[in-house]
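Participant: Take a look at this one; I'll ask things after.
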Amino acid sequence: MINFFNPAVKLMDRLRYPRKMAVIAFVFSVPLLLFMYLLITEINADIHFAEKEKLGAKYNEAVMRFVRDVQQHRGMSNAFLTGDASFRAKIIEKQSHVDNDIKAVFELDKKYGSWVPIIDEWNDIAEKWRILGSRVFALRAEDSFSRHTSLIDDILTLMVRIADISNLTLDPAIESHYLMDTAVNKLPLAGEYSGEIRGFGLASIVSRKISPEEKARLTILSSLGRLTMQKVDSNMQKVFQKDPDIIAVTGDRLRESGLRIYGALDLLENRVINAKAINIRPSEYFEAFSRADDAILKLHEGVTSALNTVLEKRINGLTWKRNLIESTAILSFLVTFYLFMGSYLSVTGSLSGLTRASKRIGGGDMDVKVSLKAKDEMEELADSFNDMAKKLSQVMGEIKRSNAELEHFAYLASHDLKSPLLAIGSDLKLFQRRYKGKLDAEADLFISDAIKSTLRMERLISDLLTYSRVGTRGSPFERTDCSEALDAAISNLKVAVEDSGAEITHDALPEVTADSIQIVQLFQNLIGNAIRFHGEAPPRVHISAALRDREWVFSVIDNGIGIHPEHTEKIFEIFHRAHGEKYDGTGMGLAICKKIAERHGGRIWVESEPGKGSTFYFTLPVMDKGKAERPVHD
């Protein structure tokens, strides 16, 4: 099971904590943001859907008034054209109402025409009305009724198209679906049946006679009117069952429209269709069905208002849901970001504490102790670190004691060894002065070799003592100008430089925080080797420094005899002499250089080929300006 997570572990192992956190945040947030985007997009689409439905209801409410007025105009025109001149003034007044209804729809189109594009159909209807209105007094009754009915059919068809365009037809909710069906289909149809009954009936009432065909037609229209109102009542009962609050808006209007339409139909059946003789005045008949039309229009307005209320509640609910999701998402994001940053700062703070403690230990402070506020795995790591620091302090204490003992031993050893060596050397030199030339040549050679060996042994003991004291008797670190340290080293090598004819050059060198005496010794040993191991040409030595990755890389380039590749690492070991006895030396110079570089937190290496010279590199860390650092081993 653990192998399953290996790719993730490898990825995280290659990243620093800021990038780890960024990767986790990206992987976590992208799917969440995508889900939020899709959810909010869907909610916005539902809001847009409902808002468009409201526009459709607004359009159909305006068109319904137009239908009502055209239907009444049809009835008045039919009565006038069949002989009742009293309707002329009413026709003219009604025409102005129809013109205002047309203007109202045009105003809606100016505002919402891009949402409900029905302007072409409406222009056709307006033009038909203009022609009809201008000729109404010159038409025959049958022609007028036919043209009015054709115009009304076009208007009812437009109402259905408006419902289709504005999503009303597609509404999935029960209450809004039945409210839509009532407002778009049932009530306009009931009004049309009422209008046709009024128009046909007025013609018979004005002429005081009715044919069997007219009776049959009025009977059918009356039955259709009753059936349509029953469907209206059925629709509204379903709406009331789903949302009882709508009763307060439409209940009274539903009852009134039922009373008005059923009353008008009863009047038609009792005093026109089934009466032995028609005994009703045209105006009374017209007013009865006009009141029924007004009641249907009021019910239509109530149903439209209820539909708008339902849609508004839906829009408000969706808007509240969207706002809740957005605010919750933002709050969750902020809380997550807050906790995320808290976690990141907790981890980086703990790591910073451990880093500072490590640097203090590296600087020689063995009494450091890490104290973290975290109570997680970092606390366990800090405890382990403190245990390690405690044990390391104990070990370093033992090392210090051992070094002190070793230094003391080295001092005593060098002192004790130097004394007899000096005595031997003095005796050999005295012996050489007294007996040189008095013995044979071989004896003189033996004496000379013995003197040279005592001198080499003395230098070896001095270098060994110097090597042992690099890490224990060094000076405190301070601001050191490497150019000045190089000048001091060259000055110490003045005799060797003059004797060999060496040429020593250098670039600008930086300031570092270091033991200045040891830096002088480092330069002196490297330049001294370059002078000692030169070829036939006079020594040429060049020193430079370059900044790379928070450390200075120094290079000492010479034109000497070079070093064989198999010796490029061994030459930094004590007593190792790459060229054997051919050249003078103790084999300790480069070992001392290595120990000086390591004491300063750097390293040293060489690149060389035999006969092509050598380039020795050593590094020193870049330290803060004005900041001195204690030696690693004080």
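Participant: Determine the pairs where a residue that is within 12 Å of F80 (Cα to Cα), located within the range 192-209, has a partner that is among the acidic types (D, E) and surrounded by 24 or more Cβ atoms within 10 Å (Cβ to Cβ) with Cβ atoms under 9 Å apart, the partner being 6 or more residues away or on another chain.
Facilitator: none
Participant: Limited to the range 499-518, what total is found for residues that are free of Cβ contacts under 8 Å to residues at least 60 places away in the same chain, part of a helix (DSSP H, G or I) and of a type outside the set (A, V, I, L, M, F, W, C)?
Facilitator: Summing the residues that are free of Cβ contacts under 8 Å to residues at least 60 places away in the same chain, part of a helix (DSSP H, G or I) and of a type outside the set (A, V, I, L, M, F, W, C) in the range 499-518 gives 3.
Participant: Is it the case that R360 is assigned to a helix (DSSP H, G or I) and more than 25 Å from the chain's Cα centre (by Cα)?
Facilitator: When the stated conditions are applied, R360 passes them.
Participant: Can you give me the number of residues within the range 492-521 that are β-branched (V, I, T), open to solvent by less than 50 Å² (accessible area, probe 1.4 Å) and under 16 Å from D558 (Cβ atoms)?
Facilitator: Selection size over the range 492-521: 2.
Participant: Still on this model: Only residues that are within 60 Å of the chain's Cα centre (by Cα) and either in a loop (DSSP other than H, G, I, E, B) or among the acidic types (D, E) (or both): list them for the range 234-286, please.
Facilitator: D243, D245, D252
Participant: Anything in the range 533-542 that is at pLDDT 90 or above and either open to solvent by 60 Å² or more (accessible area, probe 1.4 Å) or in contact with a helix residue (DSSP H, G or I) (Cβ under 6 Å, 6 or more places away or on another chain) (or both)? List them, or say none.
Facilitator: Result: P539, R540, V541.
Participant: Any residue in the range 301-326 that's over 18 Å from S166 (Cβ atoms): show its pairings with residues that are outside any helix (DSSP H, G or I) and open to solvent by less than 30 Å² (accessible area, probe 1.4 Å) at Cβ separation under 7 Å, as long as the two are six or more apart or on different chains.
Facilitator: No pair meets every condition.
Participant: Would you check which residues across the range 18-38 are open to solvent by 80 Å² or more (accessible area, probe 1.4 Å), under 27 Å from S346 (Cα atoms) and of a type outside the set (A, V, I, L, M) and list them?
Facilitator: R19, F26, F28 - these are the residues of the range 18-38 that are open to solvent by 80 Å² or more (accessible area, probe 1.4 Å), under 27 Å from S346 (Cα atoms) and of a type outside the set (A, V, I, L, M).
Participant: Let me confirm something: among A489, A496, A546, which residue is outside any helix (DSSP H, G or I) and modelled with pLDDT of 85 or more?
Facilitator: It is A546.
Participant: Could we say that R217 is more than 29 Å from S305 (Cβ to Cβ) and assigned to a helix (DSSP H, G or I) here?
Facilitator: For R217, the condition - more than 29 Å from S305 (Cβ to Cβ) and assigned to a helix (DSSP H, G or I) - is met.
Participant: Residues to consider are R147, R135, R208; find the one that is modelled with pLDDT of 90 or more, more than 23 Å from M64 (Cα to Cα) and over 53 Å from the mean Cα position of the chain (by Cα).
Facilitator: When all the criteria are applied, what remains is R135.
Participant: For residues that are of a type in the set (A, V, I, L, M) and touching a residue at least 60 places away in the same chain (Cβ under 8 Å), scanning just the range 237-261, find the one that is most open to solvent (accessible area, probe 1.4 Å).
Facilitator: V249
Participant: Please give the number of the condition Q524 fails out of (1) in contact with a Leu (Cβ under 7 Å, 6 or more places away or on another chain); (2) part of a helix (DSSP H, G or I); (3) open to solvent by less than 30 Å² (accessible area, probe 1.4 Å).
Facilitator: The failed condition is (3).
A quick yes/no check of all residues on (1) loosely packed, with under 15 Cβ neighbours inside 10 Å; (2) of a type in the set (A, V, I, L, M); (3) closer than 26 Å to D181 by Cβ:
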position	(1), (2), (3)
I40	no, yes, no
Y59	no, no, yes
V67	no, yes, yes
H97	no, no, no
N100	yes, no, no
I118	no, yes, yes
L151	no, yes, yes
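Participant: Looking only at the range 69-92, how many residues end up being among the aromatic types (F, W, Y) and either outside any helix (DSSP H, G or I) or open to solvent by 30 Å² or more (accessible area, probe 1.4 Å) (or both)?
Facilitator: 1
Participant: Applying the selection to the range 160-179, what residues are among the aliphatic types (A, V, I, L, M), crowded, with 22+ Cβ neighbours inside 10 Å and under 19 Å from M236 (Cβ atoms)?
Facilitator: Across the range 160-179, the qualifying residues are A163, L168, L179.
Participant: Continuing with this model, one more query. With the structure loaded, tell me whether N316 is open to solvent by 70 Å² or more (accessible area, probe 1.4 Å), over 23 Å from M180 (Cα atoms) and not hydrophobic (A, V, I, L, M, F, W, C) or whether it fails that test.
Facilitator: Taking the combined requirement at face value, the residue does not satisfy it.
The values are calculated or read from the model by the stated rules, or taken from the named source; none is laboratory data. Since the structure is predicted, the reported quantities are computational estimates derived from the model, not experimental observations. Neighbour counts are summed over all protein chains in view; Cβ atoms, including those assigned to glycine, are modelled from backbone coordinates with ideal geometry. For the accessible areas, the whole protein counts, side chains as well, though only heavy atoms, and no ligand, DNA or RNA atoms are used. Shrake-Rupley method; radii C 1.70, N 1.55, O 1.52, S 1.80 Å.
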